1. For a Förster distance of 30 Å, can you work out the FRET efficiency between the beta-carbons of residue 173 and residue 197, rounded to the nearest 0.05?
2. What is the Cα centroid distance between the stretch 138-212 and the stretch 49-126, reported in whole angstrom?
3. For the stretch 40-126, what D do you get in µm² per second when you plug the Kirkwood radius from alpha-carbon pairs into Stokes-Einstein at 25 °C and 0.890 mPa s?
4. Would you mind ranking 175, 182, 79, 128 by Cβ crowding within 10 Å, fewest neighbours first?
5. Between residue 52 and residue 84, what is the label-point separation in nm under the 7 Å Cα-to-beta-carbon projection?
6. Of 107, 90, how do they rank once you tally other Cβ atoms within 10 Å and put the fewest first?
7. Would any residue of the stretch 169-184 have its amide N under 15 Å from a label point 7 Å out along Cα→Cβ of residue 144? List them or say none.
8. Any idea what the relative contact order of the stretch 131-207 is, in percent, if you count C-alpha pairs under 8 Å spaced at least 6 apart?
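Readers should treat all values here as calculations from the given coordinates under stated rules, not as data from a laboratory. Every value quoted in this text rests on a predicted model; they were computed, and no experiment measured them. Neighbour counts run over all protein chains shown; Cβ positions are idealised from the backbone, glycine included.
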């Protein structure tokens, strides 16, 4: 009787592992971690040591330092070769992506007794998130290297493009920037800074208004 009971338990466990729900849950969790780009060992290390400044504003940027302000107090943030950078959703970032006005979290260690200078272990830029979806809006103005779109839920956004940006019609036919007109409805793929209302590193601009 004990052997039958043990066999039933094992059989039930195996079925649970093979069920679509269980398989989806495991895959979904793996995909979620992969999508967010979370460095779990780094996060655990940050929890166990060091100090943190949460939701500070970048007020100055130099070649190897940042100045950030939190609750009317300014801090100098030292950048080293060991400093890690992350975006809002924990995707990997760089020092170059940080702009004055961005909101950041800083983890590190104090270098002075007055607690005004921090040697940064990691900086998380809350203002930068990689958009794997799209931002859609109507063009309101144009310049030689950027244009402004008005969106339904994000207001005005400045789109900064370069020579690598592809301009296409809605059927993916290649066009040029000069073909795009004020008033056209466009879809943008790029790097969105929600604090500065800019979209940079734009890979594609799709114009839905131009005739095929």
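1. 0.50
2. So the separation of the two Cα centres works out to 31 Å.
3. Values: Rh = 12.8 Å.
In µm²/s, the coefficient rounds to 192.
4. Details: 175 15, 182 11, 79 18, 128 27.
Sorted ascending by nearby Cβ count, the order is 182, 175, 79, 128.
5. If labels sit at residue 84 and residue 52, their model points lie 1.2 nm apart.
6. Working: 107 23, 90 18.
So the ranking, lowest neighbour count to highest, is 90, 107.
7. Flagged as within label range: 178.
8. Details: 161 pairs, mean separation 27.0, N = 77.
35 percent.
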